[in-house]
Amino acid sequence: MLGLIDHMSNDSADKENELHRERAILRKKGQDVLENVEAALKKGKTATDPRQQFKNWLRSSEGQAWEKAEFQRRKGICAYCNTLMREADAVVHHVEPIKKLGCNANRVENYRLLHPNCNLSIGTKIVDFLF
Ligand SMILES: [Zn+2]
């Protein structure tokens, strides 16, 4: 009878040790998952870098279609110097710079088509556009 009780308490001690081990393993796994999620979040942040976001949009079919429509709407006229551009030359300028607004600068209302040289001469200065 005593032997049986001893045996049982050994059993439950083993069981308890096993549970402690499992808890330690789960803790470690939880930490790994957390680290993975944090790494993924970090990566996600660089994916929404405003300049990269703009480049991706410009390359997308939506961006391409917008640029084409905008060029036609503006009749090929540069919004800065009011002279004609070649469609292949036109570049998209941010009126309010990314430097100032970050991802919020990436809105079509904030875009103007300009000559590359006009874009360069403005840089990140904020200028008034007539249209
Ligand atoms: Zn121009």
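Values in this text are rule-based calculations from the coordinates and carry no lab data. Just so it is clear, the structure is predicted and the values come from calculations on it, not from any experiment. All Cβ positions, glycine included, derive from the backbone under ideal geometry; neighbour counts span all protein chains shown.
Brief remarks on what is shown
Yes/no matrix, rows are residues, columns are (1) within 16 Å of GLY63 (Cα to Cα); (2) surrounded by 13 or more Cβ atoms within 10 Å (Cβ to Cβ):
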residue	(1), (2)
ALA88	yes, no
GLU96	no, yes
ALA105	yes, yes
ILE126	no, no
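Quick grid of which residues meet (1) of a type outside the set (Gly, Ala, Ser); (2) not in a loop (DSSP other than H, G, I, E, B):
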residue: ASN82; (1), (2): yes, no
residue: ASP89; (1), (2): yes, no
residue: ASN104; (1), (2): yes, yes
residue: ARG112; (1), (2): yes, yes
residue: SER121; (1), (2): no, yes
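- Pairing residues of region 73-86 that are under 14 Å from PRO116 (Cβ atoms) and touching a residue at least 12 places away in the same chain (Cβ under 8 Å) with residues that are aromatic (Phe, Trp, Tyr) and surrounded by 11 or more Cβ atoms within 10 Å (Cβ to Cβ), at Cβ distances under 9 Å and at least 6 apart in sequence or on separate chains, gives ALA79/PHE129; TYR80/PHE129; MET85/PHE71.
- Among the residues of region 107-116, the one identified as away from the ligand (no atom under 14 Å from the Cβ) and surrounded by 19 or more Cβ atoms within 10 Å (Cβ to Cβ) is TYR111.
- Residue in region 26-39 that is within 19 Å of GLU96 (Cβ to Cβ) and assigned to a helix (DSSP H, G or I) present: no
- In summary, GLU96 fulfils each of the numbered conditions (1) within 23 Å of THR124 (Cα to Cα); (2) within 16 Å of the ligand (Cβ to nearest atom); (3) part of a loop (DSSP other than H, G, I, E, B) with the single exception of condition (2).
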